[in-house]
1. In the stretch 42-59, which residues are under 17 Å from Y16 (Cβ atoms), more than 13 Å from the chain's Cα centre (by Cα) and either assigned to a helix (DSSP H, G or I) or acidic (D, E) (or both)?
2. Starting from the stretch 16-45, keep only residues that are open to solvent by 70 Å² or more (accessible area, probe 1.4 Å), then list their pairs with residues that are polar (S, T, N, Q) whose Cβ atoms are within a distance under 6 Å, requiring at least 6 positions of separation or different chains.
3. Which one of V132, V125 is open to solvent by less than 20 Å² (accessible area, probe 1.4 Å), within 20 Å of S2 (Cα to Cα) and in contact with a Ser or Thr (Cβ under 8 Å, 6 or more places away or on another chain)?
4. What's the total number of residues in the stretch 1-44 that are in contact with a Leu (Cβ under 6 Å, 6 or more places away or on another chain) and small (G, A, S)?
5. Please determine, by comparing only the residues of the stretch 95-122 that are within 18 Å of V13 (Cα to Cα), of a type in the set (V, I, T) and more than 13 Å from the chain's Cα centre (by Cα), which one is surrounded by the most Cβ atoms within 10 Å (Cβ to Cβ).
6. Look through K62, K22 and report the one residue that is outside any helix (DSSP H, G or I), farther than 21 Å from D109 by Cβ and either modelled with pLDDT of 95 or more or within 14 Å of the chain's Cα centre (by Cα) (or both).
7. List the residue pairs whose Cβ atoms are under 8 Å apart, where the first residue sits in the stretch 140-156 and is without any contact (Cβ under 8 Å) to a residue 60 or more places away in the chain and closer than 11 Å to E60 by Cβ, the second is open to solvent by 70 Å² or more (accessible area, probe 1.4 Å) and part of a loop (DSSP other than H, G, I, E, B), and the two are 6 or more positions apart or on different chains.
8. Quick check on T75: is it open to solvent by 10 Å² or more (accessible area, probe 1.4 Å) and in contact (Cβ under 8 Å) with a residue 60 or more places away in the chain?
Amino acid sequence: MSLIGKEVVDFKVQAYQDNEFKEVTKEDILGHWSVFFFYPADFTFVCPTELEDLADKYEEFKKAGCEIYSVSCDTHYVHKAWHDASKTIQKIGYPMLAEPTGILARGFDVMIEEDGVAERGSFIVNPEGKIVAYEVIAGNVGRNADELFRRVQASQFVAEHGDQVCPAKWQPGADTLKPSLDLVGLL
């Protein structure tokens, strides 16, 4: 079943950001674009490479009006410990959501119940709190922040220009497609 158009579940979680703990709720994500970036666990191997890639691109996401929320089923105390122990994780400026109860992981349908961790999933959420794009991939394959950012830009463009669609490899400023009325229902 597709998650496109699904509204984010109500949630209230602890987060680690800027060397402090804070609370993040569903209300905090409304009114702006968001990326929920699920990863299996802190203190692992592929995850820090992805989180660093996102950290390097974080300012571009923010300039585009999009907040990043990394999410794992670890506690906020584990996020802090990882931050304190890893120069790579110290680069992160976005909120690291703590999800030990799995409410968000289950809401985004990425919870691996038998392991108590989340799949590697990236979700783009519009300002109304609805999923507009996502990918879920195997735990041993890292993701690319440049491609995720391109998809955020394309999703924002389509939301703003509803009569146009973005072709493969679309970049801001490139040509878009305007489907004929006969084909609109097939998109």
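The values are calculated or read from the model by the stated rules, or taken from the named source; none is laboratory data. Being a predicted model, the structure only gives us computed values, none of them experimental. Every residue, glycine as well, gets a Cβ built from its backbone with ideal geometry; the counts of neighbours run over all protein chains shown. To get the accessible areas, we keep the full protein, side chains included, count just its heavy atoms, and leave off ligands, DNA and RNA. Shrake-Rupley method; radii C 1.70, N 1.55, O 1.52, S 1.80 Å.
1. D42, C47, P48, E52, listed by residue number.
2. Pairs that qualify, where the first residue is open to solvent by 70 Å² or more (accessible area, probe 1.4 Å) and the partner is polar (S, T, N, Q), are F21/Q14.
3. It is V125.
4. 1
5. Step by step, filter the stretch 95-122, then rank; the result is V117.
6. Values: K62 fails: outside any helix (DSSP H, G or I).
Every option except K22 fails the conditions.
7. R150/Q171
8. Values: open to solvent by 10 Å² or more (accessible area, probe 1.4 Å): yes; in contact (Cβ under 8 Å) with a residue 60 or more places away in the chain: yes.
For T75, the condition - open to solvent by 10 Å² or more (accessible area, probe 1.4 Å) and in contact (Cβ under 8 Å) with a residue 60 or more places away in the chain - is met.
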